[in-house]
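Here's the structure, in structure tokens; my notes come after.
What follows is calculated from the coordinates using simple rules that are stated; it is not laboratory data. Since this is a predicted model, take the numbers as computed values, not measurements.
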Amino acid sequence: MKLRDKKILLTGGSSGIGKATAIDLIQAGAQVVITGRDEEKLMQTAKEIGAIPLAFDVSEYETIPEKVAEAVAKLGGLDVLMNNAGIGNFDLLDNLTIHQFENIYSVNVFGLALLTQEVVKYFKAKDRGDIVNIASMAATKGFSHGTVYASSKFALRGMTQCWQQELRKHNIRVMLINPSEVPTAFNQEDRTERDDIEGKLTAKEIAHTIRFALEMDDRGFIPELSVWATNPFTG
């Protein structure tokens, strides 16, 4: 895909991987709508990087059709959906509550799936489109304290594989990106960005990976791509 003039909806674009990817895609000539729940932060980021802001909480399921329609109207069409919005919870099995599952799954699984369902209607109508799902290495291997978060990412990995099978006949590419740890605002109570850590990935590495995957000629696609830090034990 040639990214120039492509129209992209990117969730969770106010900071971290989402912001870095939006910057990369805009520099390549794409038009990008970024979403976020913190409207003030979203507006600041959009102004800073040249993106189009759309205040949107994917866990508010009933608003999804109108928000997708608004994004399409702002862009004048839609070519790519990047499902980047995600939240985390990390607790031991002994302490888990149903509320923790409902809270994380409302964003990482249910809202993401319903948003994708709505966007796919537009993609099917033109028999083309790209979907990039941002998962985690937690989608490939569980870990202590990871019951809720890892299981939500395992679910996303499974949904991605299902959508790949369903949507290939419509020329819709569905790709999964699994980053290892990237210090960002993710899971920070005040949503402030963390400083880079020696040995850990930065959001830029993931942004470059996403751009690379999208720029592959449309006749092929990368179903799943994992990005590891070379030596995460040096920090």
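At a glance:
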quantity	calculated
Cα long-axis angle, helix 64-75 against the chain (0 to 90 degrees, to the nearest 10)	60 degrees
Greater than 32 Å apart at Cα, pairs in Lys41/Lys169; Lys121/Lys200; Lys2/Lys67; Lys2/Lys200; Lys19/Lys121; Lys6/Lys141	Lys41/Lys169; Lys121/Lys200; Lys6/Lys141
Over the chain: helical MRE at 222 nm, DSSP H runs n ≥ 4 each giving -39500 (n - 2.57), nearest 500	-12500 deg cm²/dmol
Between helix 203-215 and the chain: long-axis angle, C-alpha atoms, 0 to 90°, nearest 10	30 degrees
Extension reserve of the Glu40-Arg168 stretch, reckoned as 0.36 nm per residue once the Cα distance is removed	42.3 nm
Percentage relative contact order, the chain, counting C-alpha pairs under 8 Å, at least six apart	21 percent
Under-5 Å amide H pairs with Gly88, H placed in peptide plane, nonlocal only	Asn187
